[in-house]
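Asks: First, the structure itself, so that you have it in front of you.
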Amino acid sequence: MTVADISHIPIIDFSLFKTDPEQCGKLILDAAQNVGFFYLRNFGFTRDEVEEMFSLSKNFFDTPKEEKSNYAIDKANIGYSSVRQEAVDPKNYGKGDYKESFHITKFKNNKPAQPLPPVFDTEKDKVNKFVTGCHTIVTQIMECLAIALEIPESEGGRTWFSSRHAYDDPSNDVLRFLHYPALDHPNEVDDIRIGRHSDYGSLTLLFQNGVGGLQIQANRDAPDEESIKWLDAPVVDDCLTVNLGDCLEWWTCNVLRSTKHRVIFTPATQMKPRYSMAYFCQGGQAKLEPVPSRFIPQSQSKLLRTNEDGSPLTAAQHLEIRLNATYSSY
Ligand SMILES: O=C(O)CCC(=O)C(=O)O
Ligand SMILES: [Fe+2]
């Protein structure tokens, strides 16, 4: 069966979650099924709260590389990753993505769970509040999906997904600060800010900040690289960009979509730095087995990723496989 190309990314007013969660669930499920991306307005943070985080991010990336390298990224995907260190699309962009990033994991008992550079450490309460706020948003989105998928109460009902992503459970959730440096000359070679990829976890909250370049793959079934069609996912004022990751696709036997995306250099943006922030929500030890919903074809559970013995992979195992493929060095 061919799937229609994606023609637009819906904008959803998330204040609906409080007034009419069923209707909100329907809109989110529709976007999750047909696009894999959507924008949320009124998602819970003020503009100032988001801008404060962007200003910390800028201060951090402005510090000398040697200092940033003291916090080098580790196997748990926490810390600083330098320009070109990661290649999310190694086949096409083997020299790596033109970006640097810093990953902060969930705090434990309101204390940082990793050594933080001074820029973030002095504002750790604000960072903690932002991370927990992001977790609240992903929890609400997952509740919407569970309501719309009509997961029976006996199976966990509206908490089916969120109980597998509880804040205090060990998982590799990270808040990723991203900086794509400006080029000091027009880009003449085939280069990329972040190559084509799907996200590895369950949900991603993406905060964009003025400078565009994000694109999503409009035709999921493109037979080869040349036939890929791209749709811009522009910065929409005061909106959060949300996308689904691979784990939600597998949990739902491909009913929901983890749409591939990338950030390119454009003539209008290449001479400007781009800052974004992504909160990646991951399922940790949760098994990637089919969601108990009448909308999910349980018979297709063979589509799910399994271990060699046929047992379902956990979200954490999937993450590890994908990270090992994208980092040349830790
Ligand atoms: O910076 C962006 O807009 C996209 C980042 C992204 O796709 C990622 O970090 O997975
Ligand atoms: Fe991504």
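The values are calculated or read from the model by the stated rules, or taken from the named source; none is laboratory data. Note that the structure is a prediction, hence the values are computed from the model and not measured. Every residue, glycine among them, receives a Cβ derived from its backbone with ideal geometry; neighbour counts consider all protein chains shown. The protein model used for the area step is the full one, side chains on, heavy atoms only, and it has no ligands, DNA or RNA in it. Shrake-Rupley method; radii C 1.70, N 1.55, O 1.52, S 1.80 Å.
Asks: For region 257-303: of the residues being within 16 Å of ligand 2 (Cβ to nearest atom) and in a loop (DSSP other than H, G, I, E, B), which is surrounded by the most Cβ atoms within 10 Å (Cβ to Cβ)?
Replies: Ranking the qualifying residues of region 257-303, first place goes to Ser258.
Asks: Find the residue count for region 221-248, including only residues that are within 16 Å of ligand 2 (Cβ to nearest atom) and in contact (Cβ under 8 Å) with a residue 60 or more places away in the chain.
Replies: Summing the residues that are within 16 Å of ligand 2 (Cβ to nearest atom) and in contact (Cβ under 8 Å) with a residue 60 or more places away in the chain in region 221-248 gives 10.
Asks: Let me ask you something else. Of all residues in region 1-55 being touching a strand residue (DSSP E or B) at 6+ places or on another chain (Cβ under 7 Å), open to solvent by less than 60 Å² (accessible area, probe 1.4 Å) and in a loop (DSSP other than H, G, I, E, B), which is farthest from Ile137 (Cα to Cα)?
Replies: Ile6
Asks: Give, as residue ranges, the strands (runs of 3 or more DSSP E) completely inside region 160-233 that count at least 1 residues that are closer than 22 Å to Ser101 by Cβ and within 10 Å of ligand 1 (Cβ to nearest atom).
Replies: Strands (runs of 3 or more DSSP E) meeting the threshold: 174-180, 194-197, 203-208, 214-217.
Asks: Another question, if that's okay. Residue by residue through region 99-121, note down the ones that are more than 13 Å from Ser57 (Cα to Cα) and either open to solvent by 70 Å² or more (accessible area, probe 1.4 Å) or part of a helix (DSSP H, G or I) (or both).
Replies: Result: Lys108, Asn109, Asn110, Lys111, Pro115.
Asks: Kindly provide the set of residues from region 240-276 that are more than 15 Å from ligand 1 (Cβ to nearest atom), out of contact with any Asp or Glu (no Cβ under 7 Å at 6 or more places or on another chain) and among the hydrophobic types (A, V, I, L, M, F, W, C), ordered by number.
Replies: Once the filter is applied, which keeps residues that are more than 15 Å from ligand 1 (Cβ to nearest atom), out of contact with any Asp or Glu (no Cβ under 7 Å at 6 or more places or on another chain) and among the hydrophobic types (A, V, I, L, M, F, W, C), region 240-276 yields Trp250, Trp251, Cys253, Val255, Ala268, Met271.
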